[in-house]
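Undergrad: Sending over a structure as structure tokens; questions will come in a sec.
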Amino acid sequence: MTTPIIMLVLMLAPYLVVRIVSAVTHRDFDARGAAAIGLGLLFIFTGIGHFIQTEPMAQMLPSWIPERMFLVYLTGVLEFAIAVGFLVRKTRRFTGWVAAVTLVSFFPANIYAAINHIPMGGHAWGPVYLLVRAPLQAIILLWVYWFTIKQPNTALHGHAPLAARR
């Protein structure tokens, strides 16, 4: 059950570091960019899982789905592409939309795995695992929306952060 904690740390750490450094140095650094980098790290981590835990992930899919192993590899590549998109400033908003759609479309596999007690991650706990997974999914979706999809409200400050203007 450490995987959700690792995921949150990867996602949050760059943002928190930038916020702390900004507060200590009294300089305005790009916290939105740091949050996007955290998302990139998160998707690299989850993408790696598709290649290390391929068979258990394939078991998370119903047996009627064809080419489950190939699909796990393909979605791993998709997660790497999303990670790269978050690391490139000009593609972050589009990547946010792709990530949001991906997260929503992958969630039924988590429901299926939990209901069927698939021994992958915490899914063997059964439906109770969704009490962890659903909030985690919601937090990631909110992070994606807030830092990559939603346009910053520059009217409040009159400009974008200093680092974002460079």
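Undergrad: Tell me, which residue of the stretch 19-34 that is aliphatic (A, V, I, L, M) and within 19 Å of residue 142 (Cα to Cα) is surrounded by the fewest Cβ atoms within 10 Å (Cβ to Cβ)?
TA: By that ranking, first place goes to 31.
Undergrad: Say whether the condition of being under 12 Å from residue 100 (Cβ atoms) and either touching a Ser or Thr at 6+ places or on another chain (Cβ under 7 Å) or at pLDDT 90 or above (or both) is met by at least one residue in the stretch 113-132.
TA: There is no residue in the stretch 113-132 that is under 12 Å from residue 100 (Cβ atoms) and either touching a Ser or Thr at 6+ places or on another chain (Cβ under 7 Å) or at pLDDT 90 or above (or both).
Undergrad: Within the stretch 85-99, which residues are surrounded by 14 or more Cβ atoms within 10 Å (Cβ to Cβ) and either within 15 Å of residue 38 (Cα to Cα) or polar (S, T, N, Q) (or both)?
TA: 85, 86, 87, 91, 92, 93, 95, 96, 99
Undergrad: Only residues in the stretch 54-68 that are over 14 Å from residue 115 (Cβ atoms) count as the first member; pair them with residues that are among the basic types (Lys, Arg) and assigned to a helix (DSSP H, G or I), Cβ under 8 angstrom, at least 6 apart or cross-chain, and list the lot.
TA: From the stretch 54-68, the pairs are 58/68.
Undergrad: Which residue out of 37, 65, 48 is of a type in the set (A, V, I, L, M, F, W, C), assigned to a helix (DSSP H, G or I) and surrounded by fewer than 19 Cβ atoms within 10 Å (Cβ to Cβ)?
TA: The conditions single out 48.
Undergrad: While we're looking at this one, here's another question. Does residue 60 qualify as being modelled with pLDDT under 95 and of a type in the set (A, V, I, L, M, F, W, C)?
TA: yes
The values are calculated or read from the model by the stated rules, or taken from the named source; none is laboratory data. On a predicted model such as this, the values are computed, not experimentally measured, just so you know. We place every Cβ from the backbone using ideal geometry, glycine too, and count neighbours over all the protein chains shown.
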